[in-house]
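J.: Quick one: the structure is below, and I'll ask about it shortly.
The values are calculated or read from the model by the stated rules, or taken from the named source; none is laboratory data. On a predicted model such as this, the values are computed, not experimentally measured, just so you know. Here the Cβ positions follow ideal geometry from the backbone for every residue, glycine too, while neighbour counts run over all protein chains shown. With ligands, DNA and RNA removed, areas are computed over all heavy atoms of the protein, side chains included. Shrake-Rupley method; radii C 1.70, N 1.55, O 1.52, S 1.80 Å.
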Amino acid sequence: MDIGLTNLNEEDVTKHLSTAQSLITRCVVLEVDDNKSRTEIAGTRRRFVSTVSSTGTRKSNKVELIKTISAVSPNDTMLSIAQHGLVYKSRRGIAVALAIGDVYARQTALESLAARNAASPLSGDKAEQYRGLLEASAYVAAFSFAAYLLQMIEAVGEPANDVDEPDFDFDTPQDVLKTLVAGLERAIEGSADDVVLMARARAFARAALDGLLQRKSRFSGLGAFEDTHLRLDDDGFELNGFDVAPGAKQKPLIMTFKQPDEIVGNHIAKYQAMKLAKMLMAYDFDRQMNPFAELGGFLFTFIGDGAPGTGKTILIQMIAGMINDYCAMAGYGFHYENFGVDQISSYQGKSGQNCKQFVTNVLSSRTIGFGTVDDIDQVAAKRSDDRASAGQQEVTAVLMESFAGATTVIRGNCSFGMFSNYPENVDDALRQRAGARWLVDGPQTRDDYIDIFALLAGKNHSIPLGDHDLFEAQAIQQAVASAYADYIKPQETGLQKIYDRFMEDSGEPGSMADVGTYLHMIKEAEPRFTGRAIKNITDAIKMRAMDVELPDEWFETPEAFMHKNYDEKLAMIKEMRSPFTMDMVMQEINRYADSEFRYTDKSDNAGVEAMIRNERLRERAAREITELKSKGHWSV
């Protein structure tokens with residue numbers, strides 16, 4: 001089942017192919033005269049500009065898109081694969097856009113008004129209504145064509161940044177598509193090779209979408225299309241109302257998924273990851289809200305830290321695998337995306353655009369989303385780091401605004417995970433936007449190491465197991481209860497001193513005032529323990545109150561839970577929650593504060609080690625200089 005899905009039929013697209021073919025072969029458009037000659041002045045790369053103003057006048061322009069594309073390789077009479085692909089996708093995009101315009105006409109009164117107008121011209125209010133709907137239909141067609149090109153065109157290399165939006169004419173769908181074809185021709189004209197051709201075509205699609213979104217408020221009657229979810233299966237093309245389309249055609253998720261029983265250690269992180277996968281599946285597509293987001297305890301952002309090789313990557317593979325399996329069963333769309341160092345660009349502003357597109361893709365309310373930023377200390381820089389690139393600083397700003405900005409809306413359909421071996425190198429404000437801290441420390445006990453060796457060794461041997469109950473230590477409920485119990489007292493030395501002083505002065509905490517006193521004592525020792533830290537702790541406590549183990553039976557069939565309406569899901573979850581206790585409060589305070597002290601200690605230790613190393617090098621250099629002088633080999 002796909003919520004609110006409208007499938008475009010191939011025959012609906014095919015009937016517009018002749019019109020689309022005529023538009024890319026040759027069409028005439030009226031454009032605003034920009035007062036610029038298209039002919040270069042001999043010996044220069046500049047064009048003649050008349051001193052007589054003609055602003056506001058229009059001139060006819062003959063557009064031959066196929067001829068312009070073939071001019072990229074003038075010495076070859078045949079189109080290259082890239083050139084043919086652009087011709088085909090342009091024609092296909094026009095046909096798809098006209099078919100979507102037909103869908104809009106059927107959704108509104110446009111179809112019946114068009115039939116009445118064909119019989120006898122409309123007048124009065126009906127004529128005005130017809131004109132408004134026709135212009136709205138043109139807007140829908142233009143948006144669909146630009147979105148189709150953006151999804152279908154795959155460009156390599158750095159994007160073009162000097163492409164202008166088209167001169168839109170919204171009289172009818174065909175008129176606006178003519179202006180888009182003219183704009184596309186103008187964008188690709190003079191491309192040096194196929195790489196530049198595709199980059200400029202893709203940049204034009206983005207510029208057209210941006211221009212359309214700026215003009216959206218001018219049109220009435222677009223509300224009927226806002227919640228439309230369209231798919232053309234043959235092309236893999238999707239359109240979710242006027243949400244900006246993903247930057248590339250959606251591809252099947254290819255990943256080596258891991259099962260929970262393939263992860264040894266990391267008990268709390270694994271347990272919360274399993275809970276997160278089930279939480280996401282409670283999302284209601286009609287209401288566009290998740291009961292967990294309403295009741296409290298939904299995990300929108302989290303950060304996982306640990307030494308290299310402790311299991312951060314397989315944790316990502318486990319979460320993505322569980323969500324992918326649940327979505328496949330329920331018939332929901334699932335979008336996984338990782339933002340990495342390869343998306344940091346040398347072009348100013350492009351890194352921020354890439355990051356914003358990553359966030360937008362994951363946030364799409366029509367799919368279940370999971371976004372990761374692996375090695376975030378390399379991708380997003382501290383704002384105080386003057387050695388970081390401008391692109392890294394842009395990414396930091398975008399993530400901070402997206403995760404806890406003024407316009408951030410948490411619907412409960414997606415979650416973002418940040419992972420790092422060196423979280424102390426992440427900007428403090430960005431790190432504090434992570435609602436949960438997962439310590440990914442890998443196997444710890446003797447039983448853990450026996451379990452992981454037996455798991456990875458496989459069965460191609462006859463070596464006996466010995467005196468050990470295999471995987472008993474990995475029983476999730478028992479392991480998690482033990483792991484949480486460890487946090488009744490802090491783990492980090494710095495926090496232990498504060499905790500001991502608090503217990504000596506106040507005794508066992510029993511009231512809100514006691515908790516506030518403990519928090520204030522932590523704040524005095526750790527300045528980064530701000531109000532946002534308290535919010536993250538209270539969110540974690542609420543999550544513990546919602547620490548319900550959603551029964552596996554709910555996820556064996558879609559009808560048992562996932563396809564129920566929002567109110568039914570809310571009632572089912574409410575029945576399972578319980579109030580939180582003082583033990584939970586202290587455990588979550590200690591877990592969160594431990595992480596801050598751990599980051600501070602790691603940062604301080606790294607600084608101390610660097611100073612020690614520099615001092616050792618200075619002493620060694622002094623000794624070697626003395627030896628050179630004694631041998632007469634030293635000269636200034």
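J.: How much length is gained on full extension from ALA192 to LYS535, taking 0.36 nm per residue of separation minus their Cα-Cα distance?
T.: Separation in residues times 0.36 nm, less the Cα-Cα distance, equals 118.0 nm.
J.: For MET289, list long-range residues whose amide hydrogen, built 1.01 Å from N in the peptide plane, is under 5 Å from its own amide hydrogen.
T.: ASP284
J.: In nanometres, what is the gap between the two model label sites at LYS59 and GLU154, each 7 Å from Cα along Cα-to-Cβ?
T.: About 4.0 nm, to one decimal.
J.: Further, regarding this structure: Which value, to two decimals, describes the C-alpha radius of gyration of the stretch 408-463 once divided by 2.2 N^0.38 Å?
T.: Details: Rg = 18.4 Å, N = 56, 2.2 N^0.38 = 10.2 Å.
My calculation over the Cα atoms of the stretch 408-463 gives 1.81.
J.: Do any of LYS216/LYS535; LYS275/LYS523; LYS15/LYS62 go past 27 Å between their Cα atoms, and which?
T.: Numbers: LYS216/LYS535 37 Å; LYS275/LYS523 31 Å; LYS15/LYS62 25 Å.
Going by Cα-Cα distance, LYS216/LYS535; LYS275/LYS523 fall outside the 27 Å limit.
J.: Right, something else. Report the label-to-label distance for ALA457 and ASP325 in nanometres (one decimal), using points 7 Å from each Cα along the Cα→Cβ vector.
T.: Placing both labels 7 Å beyond Cα along the Cβ direction yields 2.7 nm.
J.: Just want the answer: with Cβ charges of +1 for Lys and Arg and -1 for Asp and Glu, which residue in TYR566, VAL373, SER511 is farthest toward the dipole's positive end in the chain?
T.: Of the options given, the answer is VAL373.
J.: Another question about this same structure. Where in the stretch 280-384 are there chymotrypsin sites (Phe, Trp or Tyr not before Pro) that are in a DSSP coil and have at most 15 other Cβ atoms within 10 angstrom of their Cβ?
T.: When the chymotrypsin sites (Phe, Trp or Tyr not before Pro) of the stretch 280-384 are filtered for loop state and at most 15 Cβ neighbours within 10 Å, TYR347 remain.
J.: Of LEU363, LEU184, GLN272, which is farthest towards the positive pole of the chain's charge dipole, taken about the Cα centre with +1 and -1 on the beta-carbons of Lys, Arg and Asp, Glu respectively?
T.: The listed residue farthest towards the positive side: LEU184.
J.: Given a 1.4 Å probe and every protein chain left where it sits, what share in percent of the accessible area of the chain is carbon and sulfur?
T.: 51 percent
J.: Output ³J(HN,Hα) for the stretch 377-392: one whole-Hz value per residue in order, computed from phi by the Karplus curve 6.51 cos²θ - 1.76 cosθ + 1.60 with θ = phi - 60°, and x for Gly and Pro.
T.: 5, 8, 8, 10, 9, 5, 5, 8, 8, 7, 8, 6, 6, 4, x, 5
J.: Find which of LEU455, ALA95, THR25 sits farthest along the positive direction of the dipole of the chain, computed with +1 on the beta-carbon of Lys and Arg, -1 on that of Asp and Glu, about the Cα centre.
T.: Of the listed residues, the answer is THR25.
J.: Then there is this: Would you grab the residues whose amide H sits under 5 Å from the one on CYS414? Only those 5+ places off in sequence or on another chain, please, with H modelled 1.01 Å from N.
T.: Answer set, sorted by chain and number: GLY369.
J.: Using a simple charge model, +1 on the beta-carbon of Lys and Arg, -1 on the beta-carbon of Asp and Glu, nothing else, what dipole does the stretch 494-578 show about its Cα centre, in debye to the nearest 20?
T.: That gives a dipole near 520 debye.
J.: Just from its helices, what would the mean residue ellipticity at 222 nm be for the chain, if runs of 4 or more DSSP H residues each count -39500 (n - 2.57) and the sum is divided by every residue, rounded to the nearest 500 deg cm²/dmol?
T.: When only DSSP H runs of four or more count, the value is -16500 deg cm²/dmol.
J.: Give, rounded to the nearest 20 debye, the magnitude of the charge dipole that the stretch 276-333 has about its Cα centre when Lys and Arg contribute +1 at Cβ and Asp and Glu contribute -1 at Cβ.
T.: The dipole of the stretch 276-333 has a size of about 140 debye.
J.: For the chain, what is the accessible area per residue in Å², given a 1.4 Å probe and the full set of protein chains?
T.: Working: 31430 Å² over 636 residues.
Computed with neighbouring chains in place, this is 49 Å² per residue.
J.: Distances longer than 20 Å among the Cα atoms of the stretch 294-375: what percent of all pairs is that? It would help to have the intermediate numbers written out before the result.
T.: Numbers: 1509 of 3321 pairs.
Cα-Cα pairs of the stretch 294-375 separated by over 20 Å account for 45 percent.
J.: Report, to the nearest 10°, how far helix 531-545 tilts away from the longest principal axis of the Cα atoms in the chain, using its own Cα long axis and a range of 0 to 90°.
T.: In the chain, helix 531-545 runs at an angle near 80 degrees to the longest axis.
J.: In nm, to one decimal, how far is the GLN491 label point from the ARG620 one, both placed 7 Å along Cα→Cβ?
T.: 3.5 nm
J.: HN-Hα J couplings of the stretch 404-413 from phi, Karplus 6.51/-1.76/1.60, θ = phi - 60°, integer Hz, Gly and Pro as x?
T.: 3J(HN,Hα) across the stretch 404-413, in whole Hz: 7, x, 5, 9, 6, 10, 9, 8, x, 9.
J.: Please list, in chain and number order, the residues 5+ apart from LYS382 or on another chain whose amide H is under 5 Å from its amide H, with Hs placed from the backbone.
T.: ASP427
J.: Tell me, which longest segment in the chain has none of the GluC sites (Glu not before Pro) that fall in DSSP loops with at most 15 further Cβ atoms within 10 Å? If you can, show how the numbers build up before the last one.
T.: Working: sites that count: GLU64, GLU154, GLU189, GLU549, GLU556, GLU575.
Between exposed loop sites, the widest span is 190-548.
J.: What does the convex hull of the alpha-carbon atoms of the stretch 278-431 project to on average, in nm²?
T.: 9.4 nm²
J.: For a quick check of your reading of the filter: which trypsin sites (Lys or Arg not before Pro) in the stretch 420-462 sit in a DSSP loop and have no more than 10 other Cβ atoms within 10 Å?
T.: LYS459
J.: Mind checking the dipole of the chain: about its Cα centre, +1 per Lys or Arg Cβ, -1 per Asp or Glu Cβ, Debye to the nearest 20?
T.: It comes to approximately 2220 debye.
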